[in-house]
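Written below as structure tokens is the structure these notes are about.
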Amino acid sequence: MRILLLGGTWFLGRAIAQRALLSGHDVTTFNRGRSAPDLHGIAVVRGDRTDEDDVRRLASHGPWDVVVDTSASEMAPYQVQAAARMLAGVADRYVYLSTVNAYTGWPHEPLDESSPTYYAPPNSGRDFGAEQGTTIHYGMQKAGCENAVRDAFGEYATILRPGVILGPGEYVGRLPWWLRRSERGGAILAPGRPVQSIQPVDVRDVAAFALDAPLGDFNVAAPQGRATMGDFLTACLEATGGRGRLVWAPDGLLKKFGVREWTEMPLWRTAHGAWAVDSRRAVGAGLSCRPLEQTVADTWAWLVSGQEPVKHPRWDDHGIDSEKEQKILAVLG
Ligand SMILES: NC(=O)c1ccc[n+]([C@@H]2O[C@H](COP(=O)([O-])OP(=O)(O)OC[C@H]3O[C@@H](n4cnc5c(N)ncnc54)[C@H](OP(=O)(O)O)[C@@H]3O)[C@@H](O)[C@H]2O)c1
């Protein structure tokens, strides 16, 4: 297959590039050459997707069987629309990496692919929805980008909506923080309930599905009930040598101390629907999720291999300050 990857160098895009090469596909990436180097064996076209001339030049390198777009997380719908329209003449179909944030109900309600998404026109600008606050604005922008892809490719679009993606190369700093904290050992503040189901998905499993997924919309998350917060933190302890001891803090206590969900305690989220994403449609279409323990162990192996992650600007937002952690642990005895 001839594949065009918009992005393709950082975290998910890199994993897709690796997988595509391993599967023997002919891969072209398009990026500015800023975030991370391209893999060997790939045809690289340098350019900015927001620049019409660059995208026109890119299109002259086609045709492709499929475009896989991971580089749109900071793009406004009108920018995705402009690039997708130009590529529609040289590519058969388009796979767009969206997010569960595109649903109006996330993270408050359980959801499947029939749940309502935000509405934003395919040509909306960066400010569309800004007055709604950061989370809703992001969801509206991503929903608008989905519409932009549908506007250009019609039924030949695949929309993938992952929840939290973890794995080797992670640039956000969620699993890396938990692993480094586990390595330090001692009493480790563990958020909420050990039996809380969580659904992080391995970046390599998202990559494989992105290349094989049929047309349509798919939630991309590990199946519900397959792993818990307790499994996750135990796996972190095991991977890093098992020197720590988990001390579980109820949600209410963490809230009393003003602990920020999602960032200060990565993966801790109390809203009812945060980990109630139905991914059975994707599983039925071929999404295969490896055990969370393997994701954790492989990410630790990657972290200690000396390869520096190319960090996301939000990396430093993750993890609780150790003084604050000690204060909460003191209350728990
Ligand atoms: N991480 C998660 O937990 C998570 C969860 C849900 C959904 N997602 C979605 O997954 C996707 C993230 O993938 P990723 O960031 O790992 O992808 P990636 O493809 O590995 O990285 C982003 C790529 O986009 C390129 N890029 C950025 N701006 C560009 C521009 N103006 N013109 C051309 N190229 C540009 C970057 O290269 P240069 O900077 O060199 O140009 C880089 O290669 C996003 O769509 C995100 O919404 C992620």
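The values are calculated or read from the model by the stated rules, or taken from the named source; none is laboratory data. As the structure is a computational prediction, the values presented were derived from the model and not from experiment. Here Cβ is always computed from backbone atoms with ideal geometry, including for glycine, and neighbour counts include all displayed protein chains. Remember, those area values only see protein heavy atoms, side chains included, never the ligands or the DNA or RNA. Shrake-Rupley method; radii C 1.70, N 1.55, O 1.52, S 1.80 Å.
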Look through His61, His40 and report the one residue that is in a loop (DSSP other than H, G, I, E, B) and over 13 Å from Leu5 (Cα atoms).
His40
Taking only pairs six or more apart or across chains, which ones have beta-carbon atoms under 9 Å, a first residue in segment 307-327 that is among the charged types (D, E, K, R), and a second residue that is open to solvent by 60 Å² or more (accessible area, probe 1.4 Å) and assigned to a loop (DSSP other than H, G, I, E, B)?
Asp317/Arg260; Lys324/Phe257; Lys327/Phe257
List pairs: first residue in segment 11-23 and farther than 18 Å from Arg34 by Cα and among the polar types (S, T, N, Q), second residue within 12 Å of the ligand (Cβ to nearest atom) and open to solvent by less than 50 Å² (accessible area, probe 1.4 Å) anywhere in the structure, Cβ distance under 8 angstrom, at least six positions apart or on different chains.
Gln18/Leu39; Gln18/Ala207
Helices (runs of 4 or more DSSP H) fully within segment 236-315 counting 2 or more residues that are modelled with pLDDT of 95 or more, touching an Asp or Glu at 6+ places or on another chain (Cβ under 9 Å) and within 22 Å of Pro223 (Cβ to Cβ):
280-284, 292-303
What about Pro110, is it more than 24 Å from Asp321 (Cα to Cα), within 20 Å of the chain's Cα centre (by Cα) and more than 16 Å from the ligand (Cβ to nearest atom)?
yes
Pull up segment 182-198, narrow it to residues that are open to solvent by less than 20 Å² (accessible area, probe 1.4 Å) and in contact with a helix residue (DSSP H, G or I) (Cβ under 7 Å, 6 or more places away or on another chain), then point me to the one that is nearest to the ligand (Cβ to nearest atom).
Ile198
Which one of the conditions (1) open to solvent by less than 30 Å² (accessible area, probe 1.4 Å); (2) farther than 17 Å from Trp177 by Cα; (3) hydrophobic (A, V, I, L, M, F, W, C) does Ile320 fail to meet, given that it meets all the rest?
(2)
Name the single residue that is farthest from the ligand (Cβ to nearest atom) among those in segment 51-70 being open to solvent by less than 50 Å² (accessible area, probe 1.4 Å) and over 21 Å from Leu21 (Cβ atoms).
Ala59
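Residues checked against (1) surrounded by fewer than 24 Cβ atoms within 10 Å (Cβ to Cβ); (2) more than 10 Å from the ligand (Cβ to nearest atom):
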| residue | (1), (2) |
| --- | --- |
| Ile136 | yes, yes |
| Val149 | no, yes |
| Ala152 | yes, yes |
| Tyr156 | yes, yes |
| Pro162 | no, no |
| Val172 | yes, no |
| Trp177 | yes, yes |
| Arg180 | yes, yes |
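Out of the residues in segment 30-50 that are more than 7 Å from the ligand (Cβ to nearest atom) and open to solvent by 60 Å² or more (accessible area, probe 1.4 Å), which is modelled with the lowest pLDDT? Step through it out loud before you land on a result.
Restricting attention to segment 30-50, the residues satisfying the condition of being more than 7 Å from the ligand (Cβ to nearest atom) are 37-46.
Then keep just the ones that are open to solvent by 60 Å² or more (accessible area, probe 1.4 Å); that gives 37, 40-41, 44, 46.
On the way: Pro37: 90, His40: 94, Gly41: 94, Val44: 98, Arg46: 98.
Restricting to residues being more than 7 Å from the ligand (Cβ to nearest atom) and open to solvent by 60 Å² or more (accessible area, probe 1.4 Å), the top hit is Pro37.
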Filter result (within 6 Å of the ligand (Cβ to nearest atom) and not aliphatic (A, V, I, L, M)) within segment 2-29
Gly7, Gly8, Thr9, Trp10, Phe11, Gly13, Arg14
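Determine, yes or no, whether Val80 is of a type in the set (Val, Ile, Thr) and within 15 Å of the ligand (Cβ to nearest atom). Can you show your working first?
On the way: of a type in the set (Val, Ile, Thr): yes; within 15 Å of the ligand (Cβ to nearest atom): yes.
Criteria met by Val80.
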For segment 118-134, which positions are assigned to a helix (DSSP H, G or I) and either within 13 Å of the ligand (Cβ to nearest atom) or at pLDDT 95 or above (or both)?
Ala130, Glu131, Gln132
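From Glu293, Glu264, Glu308, grab the single residue that is among the acidic types (Asp, Glu) and open to solvent by less than 30 Å² (accessible area, probe 1.4 Å). Spell out the reasoning first.
Working: Glu293 fails: open to solvent by less than 30 Å² (accessible area, probe 1.4 Å); Glu308 fails: open to solvent by less than 30 Å² (accessible area, probe 1.4 Å).
None of the other options fit; the residue is Glu264.
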Are any residues in segment 1-20 open to solvent by 50 Å² or more (accessible area, probe 1.4 Å) and either modelled with pLDDT under 95 or assigned to a helix (DSSP H, G or I) (or both), and if so, which ones?
Trp10, Arg14, Gln18, Arg19
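Can you tell which of Arg245, Arg280 is open to solvent by 60 Å² or more (accessible area, probe 1.4 Å) and under 20 Å from the mean Cα position of the chain (by Cα)? If you could, list the steps in order and put the result at the bottom.
On the way: Arg245 fails: under 20 Å from the mean Cα position of the chain (by Cα).
Just a single option satisfies the conditions, and that option is Arg280.
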Qualifying position, being within 13 Å of the ligand (Cβ to nearest atom) and surrounded by fewer than 19 Cβ atoms within 10 Å (Cβ to Cβ), among Ser98, Ser73:
Ser73
So Arg49 fits all but one of (1) over 20 Å from Gly167 (Cβ atoms); (2) part of a helix (DSSP H, G or I); what number is the exception?
(2)
